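The values are calculated or read from the model by the stated rules, or taken from the named source; none is laboratory data. A quick note: this is a predicted structure, and the numbers were derived from the prediction, not measured. As a convention, Cβ positions derive from the backbone with ideal geometry for all residues, glycine included, and neighbour counts pool all protein chains shown.
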Amino acid sequence: MTEPMPGTEPGPEDEPLPLGVSRTPTGRAEVDAQLERLADVDHLPADGHIAVYEDVHRELRSALTSLDTGPGEPRPAQQPGDRPPGR
């Protein structure tokens, strides 16, 4: 492993800064949990944001889909372009 050049060591100015985006609770626990999950990106470098955003999007979409079905009803079929769960 090579040593960084003098004066190029990462410092506090290189740390990710919180985005400072406010999140207003919706009153729906499953949605509010995902909104809070967005705070995870405050501690990640930019290249780590996409995984959190994709996961939150998938979970929010699932919560919305569940509103379209009643208890015991099957979930609607996936649409073209949807990702399978867990990906």
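Descriptive notes on the structure:
- From the list Thr24, Thr2, Thr8, the one residue that fits, being among the β-branched types (Val, Ile, Thr), modelled with pLDDT under 90 and within 17 Å of the chain's Cα centre (by Cα), is Thr24.
A quick yes/no check of all residues on (1) surrounded by fewer than 11 Cβ atoms within 10 Å (Cβ to Cβ); (2) at pLDDT 85 or above; (3) of a type outside the set (S, T, N, Q); (4) closer than 16 Å to Gly20 by Cα:
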site	(1), (2), (3), (4)
Glu36	no, yes, yes, yes
Val41	no, yes, yes, yes
Ile50	no, yes, yes, no
Glu54	no, yes, yes, no
Glu59	no, yes, yes, no
Thr69	no, no, no, no
Pro74	yes, no, yes, no
